[in-house]
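Shown next, in structure tokens, is the structure this report addresses.
The values are calculated or read from the model by the stated rules, or taken from the named source; none is laboratory data. Note that the coordinates shown come from a computational prediction; the quantities given were computed from them, not determined experimentally. Note that each Cβ is placed from the backbone with ideal geometry, even for glycine, and that neighbours are counted across all protein chains shown. Calculation scope for accessible area: heavy atoms of the full protein, side chains included, ligands and nucleic acids excluded. Shrake-Rupley method; radii C 1.70, N 1.55, O 1.52, S 1.80 Å.
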Amino acid sequence: VPVPEDASVGTVVGVLSVSDRDSGSNGLVRCWVVPAGPFALEATFSGSYSLVLREALDRERVSEYEVEVRAEDGGAPALLGRRGLRVPVSDVNDN
């Protein structure tokens, strides 16, 4: 779903769930967005994260973002999972 270019900072763009079946520190998961750009991940509750806007968008500059969410467990060696996301930006001020 396109995100309007006038969306407020803090707007939730997507919600995702991450899990690891291991127990203890091996089951702990760390998530981040690459490249961060105008987005950040916020933990909402156990295993769930919101992809939120951390800065204003400008469709005339960037009409679509390609980001990757990465998740890493607490094991040694750590296991890494990746998921690509496409975030289109919709125009709100053109006629």
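Net length available on complete extension from V15 to D58 is 13.2 nm, with 0.36 nm assigned per residue and the Cα-Cα distance removed. Surface composition of the chain: carbon and sulfur make up 48 percent of the accessible area, probe 1.4 Å. Annotation for the stretch 1-90: trypsin sites (Lys or Arg not before Pro) lying in DSSP loop with at most 11 further Cβ atoms inside 10 Å of their Cβ are R21, R61. Counting only protein heavy atoms and a 1.4 Å probe, the chain has 65 square angstrom of accessible area per residue. If you compute Kirkwood radius over Cα pairs in Å for the structure shown, which of (i) 14.9; (ii) 13.6; (iii) 14.4 do you land on? Recomputing Kirkwood radius over Cα pairs in Å here picks out (iii). Per-residue Karplus couplings for the stretch 47-61, computed as 6.51 cos²θ - 1.76 cosθ + 1.60 with θ equal to phi - 60°, are listed in order as x, 10, 9, 10, 8, 10, 6, 10, 7, 5, 9, 9, 4, 5, 8 Hz, Gly and Pro entered as x. The residues neighbouring D22, those whose beta-carbon lies less than 14 Å from its own, together hold a net charge of -1 under the Lys/Arg +1, Asp/Glu -1 convention.
Here the stretch 3-23 and the stretch 39-55 have alpha carbon centers that stand 4 Å from each other.
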